[in-house]
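Below you'll find the structure, written out as structure tokens, and then a few comments.
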């Protein structure tokens, strides 16, 4: 969204945050624009002004907000996964972020999964977030191979893909069991797997 | 579904199979009972006779059929994951099953994910399938610790959870990228992780 004044952008942000909180609290079932309007104390014309694309645009903004929260929670580790200490720090940061959020997290991803199949733009956006996340894991592992923390035969891109799949599966099983333990087991398993490539 | 004659059960099976094929071909969007009726050459009264619970019951039957296909594809390994050879055989069987099925698989799981949040019975059924799958992985790992193929400090239940999360995440990323490689990387990573617990 371009062309908004600073004040306009702040208002739009406020609506996105309030809508996200609302969905986290109430779940996605029956979530209509009217309910979001009521819940975020936004008038019809205001909502249309900030989200001319309707529900689709609002969901995209919510997905973006959720993504930025998840990525911020992994700072500073996610940008420098080039040491064993950083990987352990990252693992702990991910667990801390999702602990207590297990059930809530489900609502936003359910919303996105509901809308994405019929909204190619949102689907592309979600794939871009995932690809960027995966690339950050791979960048760290490439550096570790360069600095001989990983053996020369280690394939950083393939290892990153394995860690990323494990992370996503950990989140999925965490949601279905409403328990942080599957995510912790998945990440610990990934770190054990990575460590077996140390010289 | 009880109380059906052998012939009735066969007819019901035929409808479930045809509906599954239809969903695999056409995708889930706009999948209505009318379309399923047309596509499977079933009359309205026949469909109601075999699925008095409507779409919900049909989706449950489709999920059951899909589950039985996936589990059968892992035979004979899944029942005896108590050696390194069995784990490698299982890994290969999973990859063989999903190769070429990457995009198609998406449709059935999308259908189930769409219906499950508002259908507690289906949700319970899907969780039971997952739990049984996880338990089979754990059973094999328990045996391997008993027979000293794993070190005494290995925690078979936690390792099984890590492998299962990795498998589910591999399937998820496989679907979003329409590529078998993420699943292969995830399973290979899991096997590497398990092997690091050998004495």
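The values are calculated or read from the model by the stated rules, or taken from the named source; none is laboratory data. Keep in mind the model is a prediction, meaning the values are calculated, not measured. Every residue, glycine as well, gets a Cβ built from its backbone with ideal geometry; the counts of neighbours run over all protein chains shown.
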For residue B:59, which of the numbered conditions (1) over 13 Å from the mean Cα position of the chain (by Cα); (2) at pLDDT 95 or above; (3) closer than 21 Å to residue B:131 by Cβ fails to hold? (2)
Residue by residue through segment A:165-188, note down the ones that are at the interface with chain B (Cβ under 7 Å from one of its Cβ atoms) and under 17 Å from residue B:182 (Cβ atoms). A:165, A:166, A:167, A:168, A:169, A:170, A:172, A:173, A:186
Qualifying positions in segment A:131-180 - surrounded by 17 or more Cβ atoms within 10 Å (Cβ to Cβ), free of Cβ contacts under 8 Å to residues at least 40 places away in the same chain and within 14 Å of the chain's Cα centre (by Cα): A:134, A:164, A:165, A:168, A:169, A:170, A:172
Condition first: in a helix (DSSP H, G or I), more than 8 Å from every other protein chain (Cβ to nearest Cβ) and within 29 Å of residue B:56 (Cα to Cα). Can you find one or more residues in segment B:135-154 that meet it? yes
Between a residue in segment B:101-121 that is within 13 Å of another protein chain (Cβ to nearest Cβ) and any residue that is surrounded by fewer than 19 Cβ atoms within 10 Å (Cβ to Cβ) and modelled with pLDDT under 70, which pairs come within a Cβ distance under 6 Å, given they are 6 or more apart or on different chains? B:107/B:27
Scanning segment A:189-199 for residues that are more than 7 Å from every other protein chain (Cβ to nearest Cβ) and surrounded by fewer than 23 Cβ atoms within 10 Å (Cβ to Cβ), which turns out nearest to residue A:70 (Cα to Cα)? A:191
